[in-house]
Amino acid sequence: MIERTVPLLTGRVAVVTGAAGGLGAAICARLADHGCTVVLGYHRSEQAARQLAESLPEGAHFCVRMPVTDSAALREAARQIGERTGRVDVLVNCAGTTQFVPHDDLDGLDDTLIDTILATNIRGPFAAIRALRPWLEASGDALVVNISSIAARTAMGSNVMYCASKAALDNMTASLARALAPSIRVLSVSPGLIDTEFVRSLDVQWRDTQAQATALGRLATPDEVADAVLAAATFLRFTTGVALPVDGGRPLA
């Protein structure tokens, strides 16, 4: 039996939006561990992003302001990244937003919140891909990973519009995978509920109910989601246009 090791990503450049969050930090660390130069995109959390960059394995990692709802700022970020690196091999669209609103509370899901969710969770990833497309194409073997959710499939999540935004993100992933092939692969990673600091701050009984309703009896960890991103960048090189589930069998309930 031939022993297989994870291919190194040495010399490759990865951009991660929403890098300062718990999930973004795990993804940055996993990519850096395997040789990537990581560009940490942030909106308001500059200090957290810089602290994270300093904690990563030695490399030319750096931070760039990337508010995903501001297309002009994304174009400027892409210019800065391109000038410093000359290429982008991996883009992880991890920035996202939501707010808990019961699905039957239609008035609670007001227009401002709807617009914020759609602008961040759908337009944001598209705008980031659009801004970085020239540098991704310069790689010749690039990957875009959109962080989605099983809410896209189950329609169960923090609110109706969040679920809809993730379904739209998966559909957009398939469209862009077709449009940008063969030089850029595009796929989604679709976690269930993730055991982040934010989730641990929620109602304990609700959180435990979600874990018990998952076939594997627990929540996903940020590292497990990061492993899926790493797999997409290494072993799953003939995979594009699909959503990779990291949900512990939650939709089986």
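Any idea what the relative contact order of the chain is, in percent, if you count C-alpha pairs under 8 Å spaced at least 6 apart? Please list the in-between numbers first.
Working: 490 pairs, mean separation 47.5, N = 253.
Dividing the mean separation by the residue count of the chain yields 19 percent.
Think of each Lys and Arg Cβ as +1 and each Asp and Glu Cβ as -1; about the Cα centre, that makes the dipole of segment 1-96 roughly 180 debye. For segment 77-209, pairs of C-alpha atoms spaced more than 28 angstrom apart make up 25 percent of the total.
Cα centroids of segment 127-200 and segment 19-53: 18 Å apart. Sites count as exposed loop sites when they are GluC sites (Glu not before Pro), lie in a DSSP loop, and have at most 16 other Cβ atoms within 10 angstrom; the longest stretch of the chain without one is 59-253. The string of couplings for segment 46-62 from the Karplus curve (6.51, -1.76, 1.60, θ = phi - 60°) is 4, 4, 5, 5, 5, 5, 5, 4, 5, 8, 6, x, 3, x, 8, 5, 8 Hz, one whole number per residue in order, with x for Gly and Pro.
Report the local net charge at residue 62: Lys and Arg +1, Asp and Glu -1, summed over other residues whose C-beta lies under 10 Å from its C-beta. Walk me through the numbers before you get to the answer.
Values: positive: 50, 84; negative: none.
Overall, the nearby charge balance is +2.
Counted by neighbouring Cβ atoms within 10 Å, the residues 175, 71 run from fewest to most as 175, 71. Applying both filters, DSSP loop and at most 13 other Cβ atoms within 10 Å, to the chymotrypsin sites (Phe, Trp or Tyr not before Pro) of segment 72-142 gives 100. Largest first, the extents of the alpha carbon coordinates of the chain on the three principal axes equal 51, 49, 37 Å.
Which ordering of 94, 63 is given by a fewest-first count of other beta-carbon atoms within 10 Å?
In order of increasing Cβ crowding within 10 Å: 63, 94.
Less than 5 angstrom separates the built amide H of residue 143 from those of 90, 91, 185, all sequence-distant by 5 or more or on a different chain.
Note down the net charge around residue 122, summing +1 for each Lys or Arg and -1 for each Asp or Glu among other residues with Cβ under 13 Å from its Cβ. All intermediate terms of the calculation are to be shown ahead of the outcome.
Working: positive: 123, 130, 166; negative: 115, 170.
Net local charge, residue 122 excluded: +1.
Derived scalar couplings between HN and Hα for segment 180-197 equal 9, 5, x, 7, 10, 8, 9, 8, 10, 10, 10, x, x, 5, 9, 7, 9, 4 Hz in order, rounded to whole Hz, by the Karplus curve 6.51 cos²θ - 1.76 cosθ + 1.60 (θ = phi - 60°), x for Gly and Pro. Modelled spin labels at residue 106 and residue 208, positioned 7 Å past Cα toward Cβ, are 3.6 nm from each other.
Among 40, 202, 113, 106, rank each residue by its count of other Cβ atoms within 10 Å, from fewest to most, as a rough exposure measure. Don't skip to the end; give the middle numbers.
Details: 40 28, 202 13, 113 17, 106 10.
In order of increasing Cβ crowding within 10 Å: 106, 202, 113, 40.
What's the local net charge at residue 160, with K and R +1, D and E -1, over the other residues with C-beta under 15 Å away? Before the final figure, lay out the partial values.
On the way: positive: 153, 166; negative: 104, 105, 107, 110, 111, 115.
Around residue 160, the surrounding residues sum to -4.
Computed about the Cα centre, the dipole magnitude for the chain is approximately 800 debye when only Lys and Arg (+1) and Asp and Glu (-1) carry charge, each at its Cβ. Of the residues 53, 151, 134, the one whose Cα sits farthest towards the positive end of the charge dipole of the chain is 134 (charges of +1 on Lys and Arg Cβ, -1 on Asp and Glu Cβ, taken about the Cα centre). Compare the Cα positions of 17, 186, 117 along the charge dipole of segment 13-239 (+1 at Cβ of Lys, Arg; -1 at Cβ of Asp, Glu; about the Cα centre) and return the one farthest towards the positive end. Towards the positive end, the residue furthest out is 186.
A simple rule links phi to the HN-Hα coupling: the Karplus curve 6.51 cos²θ - 1.76 cosθ + 1.60 with θ = phi - 60°, which for segment 231-241 gives 4, 5, 7, 10, 6, 8, 7, 10, 10, 7, x Hz, with x for Gly and Pro.
Based on DSSP H runs of at least 4 residues, each adding -39500 (n - 2.57), what is the mean residue ellipticity at 222 nm of the chain after dividing by all its residues, to the nearest 500 deg cm²/dmol?
Values: 10 runs with 111 residues, N = 253.
The helix contribution divided over the chain gives -13500 deg cm²/dmol.
Between residue 119 and residue 44, the simple label model (points 7 Å from Cα in the Cβ direction) yields a spacing of 1.3 nm.
The numbers here are math on the coordinates, done by the rules we state, and not lab data. Source: prediction; values computed, not measured. Ideal geometry is used to build each Cβ from the backbone, glycine not excepted, and the neighbour counts take in all protein chains shown.
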